[in-house]
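Quick notes on the structure that follows.
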Amino acid sequence: MAAFAAGLVLFMVADTIGLVSKDSAVSSPVSSPVSTTTVSTTAVSTTTVVFPVATIVVEPEQPDDFIVEPAIKKCPQLRVMPFGDSLTSLPESYRGPLFRALFTQNVNVDFVGSVKTKPAGGGDPNHEGHSGFTIGPGVSANLLDNVGRWIVEAKPDVIILTIGTNDLAGNSDLQSAAPGKYRALVEKIQNIAPNVVIVLNDLPPTTTYKRGFAPQVALDAAAKALGTARTDDLLLYAATRDEFDRLGYDPKVDIQNDRIHLTVEGGKKFALALLPTVRDAIVLSKTKRSC
């Protein structure tokens with residue numbers, strides 16, 4: 001029997017690397033050998049019976065200490081939802097370079113959301129960015145009134161929240177109310193999905209609202225206060241405005257002619273500014289799920 005097994009393995013390896021002529025393979029039932037070769041020496045006569053390779057399935061033996069990592073089976077692909085307005089939805093946004101950076105670092109994620117927009121340079125097209133939306137409530141196009149169904153459908157593990165630019169474009173009442181509405185939106189997300197990790201961040205720079213523009217300062221402060229309060233470890237804060245400066249913010253290169261939206265280069269810088277905190281959020285989410 002040992003001689004039979006050895007002959008079978010030798011034949012199969014030879015066939016795999018192309019040393020066995022295809023003409024020698026003859027279709028026949030398993031019960032009928034297609035060729036018999038007798039190898040004789042003065043002491044031993046051994047007969048090797050070779051069957052058609054296609055009719056034999058060899059299951060490799062697993063060593064006694066073979067272990068399948070529990071995390072592989074317990075944790076599905078982690079789901080990340082880019083969430084916000086046109087700073088999220090446009091092809092030039094941070095989504096493409098962020099996804100590619102995570103992929104390059106062997107961080108396996110799935111961007112999720114009800115909207116699909118192919119990012120510049122390639123990447124996962126799914127997101128929950130809605131052009132023109134405010135934080136809400138108060139107008140029809142806002143995140144607060146719609147976030148419930150979006151989260152239920154997408155089932156995210158991590159949310160990257162970038163919102164408020166359209167609130168800053170409104171009247172003074174809308175601007176002054178933005179920080180409170182921002183906190184209400186975060187609380188609603190947590191009520192709907194209490195285990196989701198939320199990445200909060202400063203709005204990226206624009207040439208419409210100069211650094212120090214009071215309503216934006218207040219809105220960014222609300223994001224920072226929530227993300228650094230240490231009362232909730234599922235809220236993380238990315239100081240993206242400071243990181244933009246460190247990366248060499250140049251309004252002529254990073255901002256489109258509309259003076260609001262990022263160029264492809266600006267999107268790359270925003271992605272780099274978000275990356276460390278997004279990675280922390282992914283690790284935290286996996287830890288919470290015992291992965």
Scan the range 218-235 and report the pairs whose first residue is part of a helix (DSSP H, G or I) and whose second residue is surrounded by fewer than 17 Cβ atoms within 10 Å (Cβ to Cβ), with Cβ atoms within less than 7 Å and a gap of 6+ or a chain change.
-> Ala222/Arg183; Leu226/Arg183
State which residue pairs qualify: first residue within 23 Å of Leu262 (Cβ to Cβ) and touching a residue at least 60 places away in the same chain (Cβ under 8 Å) and inside the range 273-291, second residue in a helix (DSSP H, G or I) and open to solvent by 70 Å² or more (accessible area, probe 1.4 Å) in any location, beta carbons under 9 Å apart, and separation of 6 or more residues or different chains.
-> Ala273/Asp242; Ala273/Arg246
Kindly check whether there is at least one residue in the range 175-188 that is within 21 Å of the chain's Cα centre (by Cα) and open to solvent by 30 Å² or more (accessible area, probe 1.4 Å).
-> no
Taking the stated definitions as given, is Ala154 surrounded by fewer than 24 Cβ atoms within 10 Å (Cβ to Cβ) and closer than 13 Å to Ser89 by Cβ?
-> no
Taking the range 90-139 and keeping residues among the aromatic types (Phe, Trp, Tyr), in a loop (DSSP other than H, G, I, E, B) and open to solvent by less than 20 Å² (accessible area, probe 1.4 Å) leaves Tyr94
If we scan the range 230-247, do we find a residue that is under 18 Å from Ala281 (Cα atoms), among the small types (Gly, Ala, Ser) and either at pLDDT 90 or above or surrounded by 17 or more Cβ atoms within 10 Å (Cβ to Cβ) (or both)?
-> yes
Which one is farthest from Val197 (Cα to Cα) among residues in the range 256-285 that are of a type in the set (Lys, Arg) and open to solvent by 40 Å² or more (accessible area, probe 1.4 Å)?
-> Arg259
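Here is a yes/no grid of residues against (1) closer than 19 Å to Pro82 by Cβ; (2) touching a helix residue (DSSP H, G or I) at 6+ places or on another chain (Cβ under 9 Å); (3) hydrophobic (A, V, I, L, M, F, W, C):
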| position | (1), (2), (3) |
| --- | --- |
| Asp173 | no, no, no |
| Ala184 | no, no, yes |
| Pro204 | yes, yes, no |
| Ala222 | no, yes, yes |
| Gly227 | yes, yes, no |
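The values are calculated or read from the model by the stated rules, or taken from the named source; none is laboratory data. If you're wondering where the values come from, they're calculated on a predicted model, not measured in any experiment. Please note: Cβ atoms are built from the backbone with ideal geometry, for glycine as well, and neighbour counts cover all protein chains shown. With ligands, DNA and RNA removed, areas are computed over all heavy atoms of the protein, side chains included. Shrake-Rupley method; radii C 1.70, N 1.55, O 1.52, S 1.80 Å.
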